[in-house]
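First up is the structure itself, then whatever we jot down about it.
FYI, it's all coordinate maths here, none of it is from the lab. Everything numeric in this text was worked out from a predicted model, so none of it was measured. Here the Cβ positions follow ideal geometry from the backbone for every residue, glycine too, while neighbour counts run over all protein chains shown.
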Amino acid sequence: MADAGSLVIKGGQVVDATGERTADVVVVDGRITAVGTGLSADRTLDATGCIVAPGLVDIHSHLREPGKEEAETVETGARGAALGGYTAILAMPNTTPAIDSAAVVQQVLELGRPAPCDVFSSGAITVGRGGEQLAPMAEMAALGVRIFTDDGAGVQDNGLMRRAMEYASGLGVTLAQHCEDDALCGGGHMHEGEWSARLGIPGQPAEAEELMVMRDIALARLTGCRIHFQHLSTAGSVAMVRAAIASGLPVTAEATPHHFTLTHAECQGYDPVFKVNPPLRTAADVDAVKGALADGTIGIIATDHAPHAPETKELPFDQAPPGMLGLETALALALTELDLPVQQVLAALSWNPAAAIGVGDLHGLPVEAGNPANLCVIDPEATWTVRGSAMASRSTNTPFEGRELRGKVRHTVLHGEPVVVAGEPQR
Amino acid sequence: MKHLLGIEDLGGAEGIDEVMRLTDSFVEVSGRNIPRVPALRGKTVAWLFYEDSTRTRLSFETAAKRLTADTMNFSVSSSSVKKGESLRDTARTIEAMGIDAIVVRHASAGAPHRISRWVDAAVINAGDGWHQHPTQALLDTYSLRQRWGSLDGRHIAIVGDIKHSRVARSDVWAFTAMGAEVTLVAPPTLLPPSLEGWPVKVSHDLDAVLPTVDAIYLLRMQRERMTEALLPSLREYTACFGLTARRVDALRDDALVLHPGPMNRGVEIAAEVADLPRSLILDQVRNGVAVRMAVLYLLLGAGSDLVAAPAPEPLEGTPRG
């Protein structure tokens, strides 16, 4: 794993869950051995002017393998993640076949083993993500799966979702929901509103998301099962989750950078690079999501990294698949777009998601002697221009093409090994 | 203007007026014994129709032939489109054959926009999903202008399935740009989910609107709307929103009736109403050819003065706007 010898990350400002201080960080054999000033080691990574933080954790990555290797592989996805400052990512189960059995979980974990980022797997709630029969959750949980979701679709059947939550509560795992009521969506391809009406594109109303958020909050109350809401995108969803948390229900939520940055007006050129599910919403929804990140209602920033091969986006808007790249832009968008203290941004990108997927013993830990050395070094003032073609992903579908962002990952250290140095992948 | 993707590409009243004036010339050409001018000689226009539309394609084809353009039909059913080729590859393949303009009809909103970004040829939207059908709006505007001289201050009701109508999404902007007032008349299920920014009034009561309009524009009601729970039945639609003979009596004597075709006689329009002198339905079809000549000429004939060559003597009895 780690290079022979010791490593020092020198001259940075350490920011973690415990606070911030100027310190050098020494790493030996995959662990932090010393944090202090004036430290040295066999090898030095310069962190002057940088933030030294626990590695980022993405709980929502579509790695496309098995099944759509032309769009992404576990390896290319993980490389992009490392470049984006991530030391851990959670693979979503909407692959072909779906991650709905121990065998496919094994396969994904196996593919992730040599990757420059820890790859964890979610599992599907239902067989084939078909929404009809419970998937073998216990068997997958035995392999370490802690999050179950049919992501890409919501579980439509109220009765089935209730049983899934009851069953999951016995395993101590969390169910995560992609909230979308299919009947109310009616095949909509973007947010239903001013722009869908003008453009003549079938829309899906905010209420299609909110109905399922409302239902799952009710089921959390009924079953006591922990529920995590994926990629919340509407003001109404945010308000319900805020109230649920206040009433003591075991509810958590994530938001994506695109939902706190872009609105449905982006769709006016009919470019499917702006097609995503849930769709880009109104400016008021963007403000609500930002507000929820600020007050902690939404404690996690997740990428919903969703690569698609170029030819699949070279279609009319309604024929192209939804999804956007995210792993290499999430941190910079959070630093550029959110007016939040750096520690709060890092909480949402690192230790909160680490805890949510049950990897808090390895990732998101304070930068202290004895802890695993999963770290990222961020230059918060560096500006750069987003280029899809320059990304590690096999796909190029970033909606932020050409946008100038502030904040860049300088180094990423995985179990003591520098996997990204000065912005360059080391393997 | 490089492409005609939506009415807004014409830049408001001035641009629409330019098309109207050009159309006047081509209406004159169409009335000649040999209705043909060499304005687009050497130019090639391709049809890329992903949706069946005999009338629109014939109208464009006639227009191109009267301008002496070469035409090419990229028939979708017999092409690689059905074999999963991307829209971009299809468009660039056609262009590689040396095409000057591509006329696109597609079931997906925005398909012509996408194509226009990938090719150098001029792209003309001949109807894209629910979005727009700009040449239809231009021929509608021309037909009204022929009768009225100007649309300024006129009140036009557009009645029916606005939500799914590319015709309505073009007519609203064309009519209002020319100074008309537009009222959309439909049940709420057949209106767009938002009308924010639309310069229109809305009514759910056709009978209340009828006496106030200078023209009523009826949209085609499609049967599949019944299965989407947007309407209880066609019968109920006709009872509430159909232009029946009884309702015609509530119109002003000089109020005009339009329909983009094909008509469902007995549904949105009573059989006898379609054939009344106040009906512009055949004028619309006739003017469609001249309007499309004007659009093709505007996009492809810049620099050519051939169109002006024959003296534009109005024919006896031809109404001129």
For A:Ala98, residues with placed amide H under 5 Å, excluding near neighbours: none
Angle check, please: helix A:74-83 long axis (alpha carbons) against the longest principal axis of chain A (alpha carbons), in degrees 0 to 90, nearest 10. 60
Could you work out the Kirkwood radius for the range B:8-60, taking every pair of different alpha carbons, averaging 1/r and inverting it, reported in Å? 13.7
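Decide, for the range A:162-201, between rounded, prolate and oblate: order the square roots of the alpha carbon gyration tensor eigenvalues as a ≥ b ≥ c, take rounded if a/c falls under 1.5, and otherwise choose prolate if a/b is larger than b/c, else oblate. Could the numbers behind the result be given before it?
Numbers: a/c = 6.45, a/b = 3.78, b/c = 1.71.
Since a/c reaches 1.5 and a/b is larger than b/c, the shape of the range A:162-201 is classed as prolate.
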Ratio Rg/Rh, restricted to the protein assembly as shown and using Cα atoms, in which Rh is the Kirkwood radius: 1.07
Would you kindly state how much longer the chain becomes between A:Leu340 and A:Ala239 on full extension, computed as 0.36 nm times their sequence separation minus their alpha carbon distance, in nm to one decimal? 34.4 nm
Which residues qualify? For A:Gly12, with a placed amide H closer than 5 Å and at least 5 residues away or on another chain, they are A:Ala23, A:Ala47
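Any idea what % of Cα-Cα pairs in the range B:1-135 are farther than 24 Å?
Details: 2630 of 9045 pairs.
Everything past 24 Å amounts to 29 percent.
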Please list, in order along the range B:150-156, the HN-Hα scalar couplings obtained from phi with the Karplus expression 6.51 cos²θ - 1.76 cosθ + 1.60 (θ = phi - 60°), rounded to whole Hz, x for Gly and Pro. 8, 8, 4, x, 7, 10, 10
Proximal lysine pairs, chain A, alpha carbons under 27 Å, eight or more residues apart or interchain: 7
Taking Cα atoms only, helix A:158-171 is inclined relative to the longest principal axis of chain A by an angle, in degrees rounded to 10, of 30
Give the cross-link partners of B:Lys65 among the lysines, using a straight C-alpha distance below 25 Å as the criterion and excluding same-chain residues fewer than 8 apart. B:Lys2, B:Lys43
Using the Karplus curve 6.51 cos²θ - 1.76 cosθ + 1.60 with θ = phi - 60°, what ³J(HN,Hα) values do you get for each residue of the range A:321-326, in whole Hz, with x for Gly and Pro? x, x, x, 9, 5, x
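As an exercise, use a Förster radius of 22 Å and the Cβ-Cβ distance of A:Gln133 and A:Glu69 to find the FRET efficiency, rounded to the nearest 0.05.
Working: r = 28 Å, r/R0 = 1.26.
With a Förster radius of 22 Å, E is 0.20.
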Separation of the range B:231-263 and the range A:303-327 by C-alpha centroid, Å? 44
Once you sort the root eigenvalues of the Cα gyration tensor of chain B as a ≥ b ≥ c, which label holds: rounded (a/c under 1.5), prolate (a/b larger than b/c) or oblate (the other case)? oblate
Amide proton proximity set for A:His60, modelled H, under 5 Å, gap of 5+: A:Leu90, A:Thr303, A:Asp304
So how tilted is helix B:13-30 from the main axis of chain B? Cα-based, degrees 0 to 90, rounded to 10. 70
Distance-filtered residues of the range A:167-206 - backbone nitrogen under 17 Å, label point 7 angstrom along A:Ala283 Cα→Cβ: A:193-196
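From the square roots a ≥ b ≥ c of the eigenvalues of the alpha-carbon gyration tensor of the range B:136-280, which class results: rounded (a/c under 1.5), prolate (a/b over b/c), or oblate? Write down the numbers at each step before the final one.
Numbers: a/c = 1.63, a/b = 1.19, b/c = 1.37.
Oblate.
What relative contact order, as a whole-number percentage, does chain B give when Cα pairs under 8 Å and 6 or more residues apart are counted? Show your work: numbers first, answer last.
Numbers: 600 pairs, mean separation 67.5, N = 321.
So the answer I get is 21 percent.
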Value of [θ]222 nm, deg cm²/dmol, for chain B, DSSP H segments ≥ 4, -39500 (n - 2.57) each, nearest 500: -11000 deg cm²/dmol
In Hz, Karplus ³J(HN,Hα) per residue of the range A:39-56 (6.51, -1.76, 1.60; θ = phi - 60°; x = Gly, Pro): 8, 9, 7, 4, 10, 10, 10, 6, 10, 4, x, 10, 9, 10, 9, x, x, 6
Averaged over its residues, how many other protein chain Cβ atoms are within 10 Å of peptide A:265-275's Cβ atoms? 2
Cα-projected label distance for A:Ala218 with A:Gln106, points at 7 Å along beta-carbon direction, nm: 4.1
How big is chain A on each of its three principal axes, counting only the C-alpha atoms and giving the largest first in Å? 62, 48, 42
Quickly work out the B:Leu282-to-A:Glu311 label distance, labels modelled 7 Å from Cα along the C-beta direction, and quote it in nm with one decimal. 5.1
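At 222 nm, what value in deg cm²/dmol follows for chain A if DSSP H runs of at least 4 each add -39500 (n - 2.57) and the sum is divided by all its residues, to the nearest 500?
Values: 13 runs with 115 residues, N = 427.
After summing the helix terms and dividing by residue count, I get -7500 deg cm²/dmol.
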